[in-house]
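Participant: Take this structure first; my questions come after.
The values are calculated or read from the model by the stated rules, or taken from the named source; none is laboratory data. Keep in mind it's a predicted model, so treat the numbers as computed, not measured. Note that each Cβ is placed from the backbone with ideal geometry, even for glycine, and that neighbours are counted across all protein chains shown. Keep in mind that these areas ignore ligands, DNA and RNA; they rest on the heavy atoms of the full protein, side chains included. Shrake-Rupley method; radii C 1.70, N 1.55, O 1.52, S 1.80 Å.
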Amino acid sequence: MIERYLLRYFLAVVDQGNFSRAAAHCLVSQPTLSVGIAKLEQAVGAPLFLRSNQRVELTEAGSRLLSHARRIEREFNLAEQAGAQTAEIQTLRIGLLTSIAGAPVAAAVAACPAEARGRVEFIPGSERELLGRLDAERIDVALTLVRPGAEERYAAQILAEEGYGLALPADHRLAGRETIAAEELAGETMIVRRHCEALSATSRYFVDRGIRPHFAYRSTNDERVMQMVAAGLGVTVMPLGYEWPGMARAALRDFGERRTLGLLHGPRAIPLRETPPPMLRALAVAFGNTSKRVLEKSRKSDF
């Protein structure tokens, strides 16, 4: 009999493209995942992947198994959903993407009744970590990026869309401008947000325009980054939803990166979409209230 976790390993390799990312997605070590895939291949009686240094490809047997594995996983999820409909979630575990601005989340918490706050646990993590915890049912809902195709794997509720722009000290010579061209930043000192989803696109944007700045600070802590920007250490690129005292925001000319934020529901939380608990309602309202302002800022980067 093929156990469910083996099919999850198999689907993770297919979706992630290689064994190391699949292992991280499943929150297991790569040797553990490799042993699981070998066990599945033994049960099927044929190799499932053609392995190379860059990525893996499905064999004929793997392609045949894929449709069955996805159907079986869907059936498992449906069965779990049916059971979840009769079971009250005592504590709602919400995964929180670390690169999401804290202001709308704090606004949602403040808007909730005190008794609702006591039945919620926020668990921070990277996008990869949150998806792994969602698949492993260690969280119920993830407040994270909603990428194309997410609806095929999760029940998704889109909350907001935002672009990226420049963050600079409020007393900077360019502060107060709605849009700034990359060429105007020649010679500027910059700060790097190492966990930014648009980091590669940002790097290409400046390199293509001949801008190679000095980097004074690199961090995964957005609060610390904004403190350093406001203090005058340098400028940085970050989602337009971020605000901080002493920090000005402006769009970057011809930088069109966008991200979509939303809630991804795990199997146990899918029934909550029909009658969401107070915290999920408050999050939807808080992000909805900021969405129009952020979209207006995002559009300016097109000019």
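Residues are listed down the side, and each one gets a yes or a no for (1) at pLDDT 90 or above; (2) open to solvent by less than 60 Å² (accessible area, probe 1.4 Å):
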site	(1), (2)
19	no, yes
26	no, yes
39	yes, no
48	yes, yes
52	no, no
58	yes, yes
63	yes, no
79	no, no
82	no, yes
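Participant: Test residue 198 against the stated conditions and say whether it is crowded, with 17+ Cβ neighbours inside 10 Å and touching a Pro at 6+ places or on another chain (Cβ under 9 Å). Don't jump to the end; show me each part of the working.
Facilitator: Numbers: crowded, with 17+ Cβ neighbours inside 10 Å: yes; touching a Pro at 6+ places or on another chain (Cβ under 9 Å): yes.
Yes, satisfied.
Participant: A further question follows. Please pick out the residue among 269, 282, 248 that is of a type in the set (A, V, I, L, M, F, W, C) and at pLDDT 95 or above. I'd like the intermediate steps shown before the answer.
Facilitator: On the way: 269 fails: at pLDDT 95 or above; 282 fails: at pLDDT 95 or above.
Just a single option satisfies the conditions, and that option is 248.
Participant: Within the range 2-14, which residues are touching a residue at least 24 places away in the same chain (Cβ under 8 Å) and surrounded by fewer than 16 Cβ atoms within 10 Å (Cβ to Cβ)?
Facilitator: 2, 4, 5
Participant: Condition first: part of a loop (DSSP other than H, G, I, E, B), buried (at least 23 other Cβ atoms within 10 Å of the Cβ) and either out of contact with any Cys (no Cβ under 9 Å at 6 or more places or on another chain) or at pLDDT 95 or above (or both). Can you find one or more residues in the range 228-240 that meet it? Reasoning before the result, please.
Facilitator: Taking the range 228-240 as the starting set, the residues that turn out to be part of a loop (DSSP other than H, G, I, E, B) are 232-234, 240.
When the remaining residues are screened for being buried (at least 23 other Cβ atoms within 10 Å of the Cβ), the result is 240.
From what's left, either out of contact with any Cys (no Cβ under 9 Å at 6 or more places or on another chain) or at pLDDT 95 or above (or both): 240.
Yes, the range 228-240 contains a residue that is part of a loop (DSSP other than H, G, I, E, B), buried (at least 23 other Cβ atoms within 10 Å of the Cβ) and either out of contact with any Cys (no Cβ under 9 Å at 6 or more places or on another chain) or at pLDDT 95 or above (or both).
Participant: Additional query: Of 156, 116, which residue is modelled with pLDDT under 90, farther than 26 Å from residue 15 by Cβ, touching a helix residue (DSSP H, G or I) at 6+ places or on another chain (Cβ under 9 Å) and of a type outside the set (D, E, K, R)?
Facilitator: Numbers: 156 fails: farther than 26 Å from residue 15 by Cβ.
The unique qualifying residue is 116.
Participant: Could you tell me whether residue 264 is touching a Gly at 6+ places or on another chain (Cβ under 9 Å), assigned to a strand (DSSP E or B), at pLDDT 95 or above and open to solvent by less than 10 Å² (accessible area, probe 1.4 Å)?
Facilitator: Values: touching a Gly at 6+ places or on another chain (Cβ under 9 Å): yes; assigned to a strand (DSSP E or B): yes; at pLDDT 95 or above: no; open to solvent by less than 10 Å² (accessible area, probe 1.4 Å): yes.
Here the answer is no, as residue 264 does not meet what is asked.
Participant: Something else: If I filter the range 247-270 for residues that are on the phi < 0 side of the Ramachandran plot, under 17 Å from the mean Cα position of the chain (by Cα) and hydroxyl-bearing (Ser, Thr, Tyr), do I get at least one hit?
Facilitator: Among the residues of the range 247-270, at least one is on the phi < 0 side of the Ramachandran plot, under 17 Å from the mean Cα position of the chain (by Cα) and hydroxyl-bearing (Ser, Thr, Tyr), which makes the answer yes.
Participant: Still on this structure: State all residues of the range 268-286 that are open to solvent by 20 Å² or more (accessible area, probe 1.4 Å) and assigned to a helix (DSSP H, G or I); if no residue qualifies, say none. Full working, then the answer.
Facilitator: Initial filter on the range 268-286 (open to solvent by 20 Å² or more (accessible area, probe 1.4 Å)): 268, 270-278, 281, 284-285.
If the condition is that a residue be open to solvent by 20 Å² or more (accessible area, probe 1.4 Å) and assigned to a helix (DSSP H, G or I), then 268, 270, 271, 272, 273, 278, 281, 284, 285 are the ones that fit.
Participant: Could you tell me whether residue 216 is open to solvent by 20 Å² or more (accessible area, probe 1.4 Å), in a helix (DSSP H, G or I), among the small types (Gly, Ala, Ser) and at negative phi?
Facilitator: On the way: open to solvent by 20 Å² or more (accessible area, probe 1.4 Å): yes; in a helix (DSSP H, G or I): no; among the small types (Gly, Ala, Ser): yes; at negative phi: yes.
No, not satisfied.
Participant: Applying the selection to the range 154-195, what residues are surrounded by fewer than 19 Cβ atoms within 10 Å (Cβ to Cβ) and either β-branched (Val, Ile, Thr) or without any contact (Cβ under 8 Å) to a residue 40 or more places away in the chain (or both)?
Facilitator: Matches in the range 154-195: 158, 173, 179, 183, 184, 186, 187, 189, 194.
Participant: Criterion first (over 24 Å from residue 288 (Cα atoms), open to solvent by 50 Å² or more (accessible area, probe 1.4 Å) and in contact with a helix residue (DSSP H, G or I) (Cβ under 9 Å, 6 or more places away or on another chain)) does residue 147 satisfy it? Full working, then the answer.
Facilitator: Values: over 24 Å from residue 288 (Cα atoms): no; open to solvent by 50 Å² or more (accessible area, probe 1.4 Å): yes; in contact with a helix residue (DSSP H, G or I) (Cβ under 9 Å, 6 or more places away or on another chain): yes.
Judged against the criteria, residue 147 is not a match.
Participant: Mind counting the residues in the range 117-139 that are open to solvent by less than 10 Å² (accessible area, probe 1.4 Å) and in a helix (DSSP H, G or I)? Let's see the steps before the verdict.
Facilitator: From the range 117-139, those open to solvent by less than 10 Å² (accessible area, probe 1.4 Å) are 125, 130, 132, 134, 139; that's our starting set.
Within this subset, residues satisfying the condition of being in a helix (DSSP H, G or I) are 130, 132, 134.
So the answer is 3.
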